[in-house]
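Trainee: To start, I am sharing the structure in question, which I have written as structure tokens.
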Amino acid sequence: MEKLITILFIYILVDNFVLQRFFGICPFLGVSRKMETAMGMGMAVVFVITISTLVTWLIHYYVLVPLGIEFLQLVTFILVIAGMVQLVETFLRKASPTLYQGLGIYLPLITTNCAVLAVALLAVRQEFTLLESVVFGIAASLGFWMALVIMSGIRERLELSKVPAPLQGTAITLITASILSLAFMGFRGMMTL
Amino acid sequence: MGAANFRGGVHPEHRKELTASLAITAATIPRKVVIPLQQHIGAPCEPLVKVGDAVKVGQMIGDSEAFVSAPVHASISGTVAAIEPYNHPLGRKVTAIIIEGDGRDEWCSELEPVEKVDDLSPEEIRARIRSAGIVGLGGAAFPAHVKLSPPEGKAIDTVIINGAECEPYLTADHRLMLERPEDIVFGLEVIMKALGAGRGIIGIEDNKPDALRVMRQAIEGKSDMSVVALKTKYPQGAEKMLILATTRRRVPSGGLPLDVGVVNHNVGTTVAIAEAVRKGKPLIERVVTVTGEGVKRPANLMVRLGTLAGDLLEYCGGLREDTCKLIMGGPMMGLAQPTADFPVVKGTSGILALTAEEAAVYENGSCIRCASCVKACPINLVPTFIAQAAEHGLFDRAEKLHAADCIECGCCSYICPAGIPLTQWIRIAKAEVLARRRR
Amino acid sequence: MKNSYLADITRGIFKENPTFRLVLGMCPTLAVTVLVKNGLGMGLAVVAVLTCSNIVISSLRRFIPEQVRIPCYIVIIATFVSIVEMVLQAFVPSLYAALGVFVPLIVVNCIILGRAEAFAGKQPVLRSLCDGIGSGLGFTLGLLLLSLVREVFGNGTLLAETNYAVQLFGPNFEPMRLLAQPAGAFLVLGLLLALTNIVFKRLQIE
Amino acid sequence: MNGKLVISSSPHVRTIQSVQSIMIDVLIALGPVALVAVLLFGKQALITMAVGMGAAMLTEALWLRRWNIFGDGSAAVTGLLLAMTLPANVPWWIPVIGAAAAIIIGKQLYGGIGQNIFNPALVGRAILVFSWGSRLSGKIWPVPKPFHFFADISAVTTATPLAGEAEAMEVSLSQLLIGNMAGCLGETSAIALIFGAFWLFYKGHIDWRIPGGYLATVWIMGTLLGGGIYINPYMTGLFHLLTGGVLLGALFMATDMVTSPVTPSGKLIFGVGCGLITMLIRLYGAYPEGVTFAILTMNALTPLIDKFTIPRKFGEVKRLVRP
């Protein structure tokens, strides 16, 4: 239990996936312009990462390892993720049209969000148990969500301010991410695995 | 118990010392008056006279069929010289009746004077007030009889007389309270009778102790009236703030005072109502404070409506060389005028000539988010955010931030250390938001 | 015709530089550029994967059904990434360790899928090859610049952990350690982006 | 009357307050702290503060290509605040780089005054901490030599009271109040800080909600956790209030207008958030001090806080209050 809480805490605050580990930077830069899209994307990512981590973990330990074909890990994982995204999309469209309306447009983008693959790979590399992997996935994606929402709030304000022309858009977002990363470095050492 | 108060507001320099001690004197009757056919909120009047007609003082020369409207009267005797569009202090040209005076000041009287209010029914009171052409003299110029006709189901229990006069510089109401207390009390009685209200409150800012004293004496023995000292703070005289301060009731957003059982009238309006009911005198003159460092001899003047501001300023010794701004109304909500060629209308409480030293320069600097405007806004808005949204054309955002609720009191602009004309931006946002709602 | 091949290469390096103009593939760009060696290694790995996948995708473009093209692309790319991963692991284990999980993550590097989707899936093999090389080199250039700044000022060295390591400053130099941290990566990339924006604006005016 | 009449929207009068007058008030409020720093740490404190202010003003003037070095005064405030977060014995180039980074990265890249998201002085400090950490927040701090202006204060060093139990035991309450202890220039003297802040309260430049929320949270968490079951009995709530940068942060840094919420309830949330993060880092984190990180983190959250704490407008009530 303690380990689960530690994992949760570390990957949200201390080792934030975006700000300290550089996973999912492209969507972080791309969809952080508006709060609503940031919320939608964040939710979609939490959804997909949690499910795909669960599935890839199972595939790794119950298919790849017994068959001795770990070298196919990357190909299978990425296919599973792409398939999961597709599946989640179809499922949502049928099961919850409202949720689909909210998340639908972000789902296809998630396939190339490296955070998803990174969680799947790191869960196996760090030899987490199934439960730990799922918690890890939740924590990492919540961390992603948090960074995304914070950044969207800042960018909505920056939109109305007088940022010099060459810095507008991605450059000032990166610099803001830098200072945000600095601030979050203060959480270092609070918990260790 | 301290003085009645509300949250927010600012403390601009009063500058009332220029005219506060000067008794109201009658200005000379002008040779020419310009009487716009719309001096009120509501439908404009149709002229009742033709060019060349002879008119007497107090003769109704314009009226409208509409309920929300008020007739206009000749303020001097003479001949109608022209009926044509003329400069209006609200900033556009409005059809006006121009009367050349004959210098005789002949009065015509259409209404019978009454001595006791009890002789009149509420309907008669309303009829007299309407035909006297009385509107809110505080500046809003809302027809008085409309306010005295609450819709079915809205019971009015309280009448508030606004003697706050929170605008800097202006002293017209202050002088009226000192010089005509009986008229004010009589007017209040009339209003209460018309509405069937059981309580009358006269609210006066506590920087006018003499007015408080005089009015308290005037209501002695009247158990249904009270005089309330208000904390000196701008905009204490704003409808919603005044009602909150005196009765602790909050006018709902988008609502009217009558939604909380209150009707309020300005001191000047009350005096006009008293005169209309008691003497049958139509609204042909009002008190105007002519002041500001730019005026050579500031004064409180009883002025015939339609007198041109230029003539009035001439009467006060003219303008100083370094005058840079001419304003109709007070410095917080008044309207800057491009020339002095505009008539005194029913809503003209003051004519202000400011020198460069007094007048503010707004330079639209960078907001440093000091939140002074947030603290100052009596309506609890976040002015800087609305202004920012307006500046970027984000009117949806401005609407969400309640731009439409702004009362345009000017507190935010006044207090902004960066000199951002916040009120101006919010006005733009408000106009756009209201226009969209109508669509 | 030759010109168009050259244009395919230079376009990826300058006009459509993945790092500075298209702002793609940011994750490895930020993560592995503490040292020039790592940046260069990652860049070349991407060049290899990008070129190979571009060639294969371009030559198979008539056989890949439209509806399932994305999964097909991904499988092709993943295959080459797996190969590169094994090669790195076998021949330069130190680099492989330094790049960590970012080697397999080349699969989801949006530059590669982006080029496949935008170019290789529609264009002939030779042009796709040139495009791959160009975009790959453009990406490498970005990594190189970023890692150069970060290593020189954040570490005070050049080409550290290689046979050509140089200590650039005297013993009293105190490097700006921040640049070696995640925050430093964001900062330097942000500033470089602004700088290239200025440069490109100037060039276009003249 | 000569010339034309000016036409503009109302109001036509304006307060005499300006951005510059506010900044000068902040500088005045920092006066007592600066004075105590010079009395305690001598010439090195004076040099550090002067260099910090000078570098900040110069950087801004150069960036804006402006001849007036002082300008609106905000750069001077940033420079001085940055210097206040440094120990007295830093080499001259530390405040120079810190101030330049604060002005350029913290402020001008965002478009200048009023536009920045993060407190510039703290951005400068954070960059310094992670670049040359051993120079300014290591274990070894100069010991003050009161009233010895020319003394070399680097000679004798000690750890800050926040470093651990042994160090915390060594300082007395009077030391904490007067500031006769190891620490950064602006962090040592609680009395001078409170004295200066009174000026800002009096002038209405700071709202009680931010420092109130901040200090109350630190005190409560310090009392409940600091002196209780965790760490050590000497680090009580009061100890946490008076040590390190809590007072400087709560009174002068978190209250920075540009980077804190504008709404009343937002200010309170901001203050409490700063207090929480500061104490989390102090009690459980790797760093003895958390003020910089706490305020920077809350700065980042400010746009969100503002967005969700827009006050209820006047008369926004469902039920009418009728007697």
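The values are calculated or read from the model by the stated rules, or taken from the named source; none is laboratory data. These numbers were taken from a predicted model, which means no experiment stands behind them. Every residue, glycine among them, receives a Cβ derived from its backbone with ideal geometry; neighbour counts consider all protein chains shown. Quick note on the areas: whole protein, heavy atoms, side chains included, nothing else; ligands and nucleic acids left out. Shrake-Rupley method; radii C 1.70, N 1.55, O 1.52, S 1.80 Å.
Trainee: Among the residues of region A:155-172, which ones are facing chain D (nearest Cβ under 8 Å), assigned to a helix (DSSP H, G or I) and hydrophobic (A, V, I, L, M, F, W, C)?
Mentor: Residues satisfying the conditions are A:L158, A:L167, A:I172.
Trainee: Do any helices (runs of 4 or more DSSP H) entirely within region B:103-198 hold 1 or more residues that are β-branched (V, I, T) and open to solvent by less than 30 Å² (accessible area, probe 1.4 Å), and if so, which?
Mentor: Here the list reads B:122-131, B:144-147, B:181-195.
Trainee: Do we have any residue at all in region A:173-181 that's over 15 Å from C:L178 (Cα atoms), part of a helix (DSSP H, G or I), open to solvent by 30 Å² or more (accessible area, probe 1.4 Å) and more than 7 Å from every other protein chain (Cβ to nearest Cβ)?
Mentor: no
Trainee: Right, next: Of the residues C:R150, C:R115, C:R202, which is free of Cβ contacts under 8 Å to residues at least 12 places away in the same chain and assigned to a helix (DSSP H, G or I)?
Mentor: Criteria check complete, one pass: C:R202.
Trainee: Further question: Looking at B:T289, B:T247, B:T232, which is the one that is at pLDDT below 95 and within 24 Å of B:G410 (Cβ to Cβ)?
Mentor: The conditions single out B:T232.
Trainee: Okay, next question. Please tell me if B:S372 is within 30 Å of B:R249 (Cα to Cα), of a type in the set (S, T, Y) and more than 7 Å from every other protein chain (Cβ to nearest Cβ).
Mentor: yes
Trainee: Shifting gears a bit: Only one residue in C:R62, C:R115, C:R69 is among the basic types (K, R), open to solvent by less than 40 Å² (accessible area, probe 1.4 Å) and either closer than 20 Å to A:T111 by Cα or out of contact with any Leu (no Cβ under 6 Å at 6 or more places or on another chain) (or both). Which one?
Mentor: C:R115
Trainee: Let me ask something else. Taking B:L301 as meeting all but one of (1) part of a strand (DSSP E or B); (2) open to solvent by 10 Å² or more (accessible area, probe 1.4 Å); (3) more than 11 Å from chain D (Cβ to nearest Cβ), write down the number of the exception.
Mentor: Only one criterion in (1) part of a strand (DSSP E or B); (2) open to solvent by 10 Å² or more (accessible area, probe 1.4 Å); (3) more than 11 Å from chain D (Cβ to nearest Cβ) is unmet by B:L301, namely (2).
Trainee: If B:Q388 meets every condition in (1) under 23 Å from D:S260 (Cβ atoms); (2) of a type in the set (S, T, N, Q); (3) facing chain D (nearest Cβ under 10 Å) apart from one, which number is that one?
Mentor: B:Q388 satisfies every listed condition except (3).
Trainee: Search region A:52-75 for residues being buried (at least 21 other Cβ atoms within 10 Å of the Cβ) and within 12 Å of another protein chain (Cβ to nearest Cβ), and hand back the single one that is nearest to C:P104 (Cα to Cα).
Mentor: A:L74
Trainee: Take region B:405-439 and flag every residue that is more than 10 Å from every other protein chain (Cβ to nearest Cβ) and open to solvent by 20 Å² or more (accessible area, probe 1.4 Å).
Mentor: B:K430, B:A431, B:E432, B:L434, B:A435, B:R436, B:R437, B:R438, B:R439
Yes/no matrix, rows are residues, columns are (1) out of contact with any Ser or Thr (no Cβ under 8 Å at 6 or more places or on another chain); (2) assigned by TED's automatic domain parsing to the domain that holds B:G318:
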| position | (1), (2) |
| --- | --- |
| B:A336 | no, yes |
| B:A340 | yes, yes |
| B:V361 | yes, no |
| B:L381 | yes, no |
| B:I386 | yes, no |
| B:L394 | yes, no |
| B:A403 | yes, no |
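Trainee: Condition first: facing another protein chain (nearest Cβ under 9 Å) and more than 21 Å from D:K307 (Cα to Cα). Now tell me which residues in region A:133-154 satisfy that.
Mentor: none
Trainee: Ok, one more. Looking at C:S128, is it under 20 Å from A:C26 (Cβ atoms) and assigned to a helix (DSSP H, G or I)?
Mentor: In short, no.
Trainee: Test of understanding: among D:F147, D:F195, which residue is of a type outside the set (A, V, I, L, M), modelled with pLDDT of 80 or more and either open to solvent by 10 Å² or more (accessible area, probe 1.4 Å) or over 30 Å from D:P261 (Cβ atoms) (or both)?
Mentor: Answer to the check: D:F195.
Trainee: Which pairs have Cβ atoms under 7 Å, sit 6 or more apart or on different chains, and link a residue in region A:8-24 that is more than 9 Å from chain C (Cβ to nearest Cβ) to one that is among the basic types (K, R)?
Mentor: Qualifying pairs under 7 Å: A:V14/A:R188; A:D15/A:R21.
Trainee: Considering D:G106, D:G124, which residue is buried (at least 18 other Cβ atoms within 10 Å of the Cβ), under 16 Å from the mean Cα position of the chain (by Cα) and in a helix (DSSP H, G or I)?
Mentor: It is D:G124.
Trainee: Here is a further query. Just to be sure I understand, how many residues within region B:240-264 are charged (D, E, K, R) and buried (at least 19 other Cβ atoms within 10 Å of the Cβ)?
Mentor: Of the residues in region B:240-264, 3 are charged (D, E, K, R) and buried (at least 19 other Cβ atoms within 10 Å of the Cβ).
Trainee: On to the next question. Mind checking which residues of region B:1-40 are among the aliphatic types (A, V, I, L, M), out of contact with any helix residue (DSSP H, G or I) (no Cβ under 9 Å at 6 or more places or on another chain), assigned to a loop (DSSP other than H, G, I, E, B) and open to solvent by 50 Å² or more (accessible area, probe 1.4 Å)?
Mentor: If the condition is that a residue be among the aliphatic types (A, V, I, L, M), out of contact with any helix residue (DSSP H, G or I) (no Cβ under 9 Å at 6 or more places or on another chain), assigned to a loop (DSSP other than H, G, I, E, B) and open to solvent by 50 Å² or more (accessible area, probe 1.4 Å), then B:M1, B:I29 are the ones that fit.
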